[in-house]
1. Hey, with R₀ at 25 Å, roughly what FRET efficiency would LEU139 and ASN96 work out to, going by the Cβ-Cβ distance, to 0.05?
2. Could you state the angle between the C-alpha long axis of helix 108-121 and the longest principal axis of the C-alpha atoms of the chain, as a value from 0 to 90 degrees rounded to the nearest 10?
3. Given labels modelled 7 Å from the Cα in the Cβ direction, how far is it in nm from ALA7 to THR81?
4. How high is the relative contact order of the stretch 1-71, given as a whole-number percent (alpha carbon pairs under 8 Å, six or more residues apart)?
5. Could you put SER55, SER22 in order of accessible surface area, largest first, with the 1.4 Å probe and the full protein assembly present?
6. So, for the chain, what is the accessible surface per residue at a probe of 1.4 Å, expressed in square angstrom?
7. Within the chain, which is the longest segment that contains none of the GluC sites (Glu not before Pro) sitting in a DSSP loop with at most 10 other Cβ atoms within 10 Å?
8. By how many degrees, 0 to 90 and rounded to 10, does the Cα axis of helix 46-68 deviate from the longest principal axis of the chain?
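The values are calculated or read from the model by the stated rules, or taken from the named source; none is laboratory data. It should be emphasised that the depicted structure is a prediction, and the values quoted were computed from it without experimental measurement. Using ideal geometry, Cβ is built from the backbone for each residue, glycine included, and neighbour counts are taken over all protein chains shown. For accessibility, only protein heavy atoms count, side chains too; no ligands or nucleic acids. Shrake-Rupley method; radii C 1.70, N 1.55, O 1.52, S 1.80 Å.
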Amino acid sequence: MDTLYEATATTTGGRAGHVQSSDGLIDMKLELPEELGGKGGDYTNPEQLFAAGYSACFGSALDAVAKMHKVKLENPEVTATIGIGRHPEEDGFLLNAVLDVYLPGIDLETAEMLVEEAHELCPYSRATRDNIDVTLNLLED
């Protein structure tokens, strides 16, 4: 791979610590959500950060695929939900992802094609493929 860009972030204290990107744009406290035994509150966590990155990346992949097919997207939305739970057979945890995609004004057949092709193109989808369960939902008007 010929690397085009690198992002760097450093966390101290793990899930109940602090994360900062090398450029300082991300500079925040992390806290375990209450559902995982933490304090929750007005703090973020790794699952929220992953959801934000995946939804943005998938949105860009949708845009790229639409342009390749000369389809004009108007106000597309991608909502990523990242779940974490205990592994059913081993110690440790697993993640899953659900992507809810809303493509207003696009016919169902075209929308399905765009979502499938975006899933093939998106680097987050490639990274998660065969590693975690990813569910794609196409939301209709």
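1. Working: r = 19 Å, r/R0 = 0.74.
So, using R0 = 25 Å, E works out to roughly 0.85.
2. 50
3. 2.3
4. Details: 69 pairs, mean separation 11.7, N = 71.
This gives 17 percent for the stretch 1-71.
5. Numbers: SER55 25, SER22 100 Å².
Greatest to least solvent exposure: SER22, SER55.
6. Numbers: 9470 Å² over 141 residues.
The answer is 67 Å² per residue.
7. Values: sites that count: GLU6, GLU74, GLU89, GLU90, GLU140.
Counting only loop sites that pass the neighbour cut-off, the longest clear stretch is 7-73.
8. That helix lies at roughly 20 degrees to the long axis.
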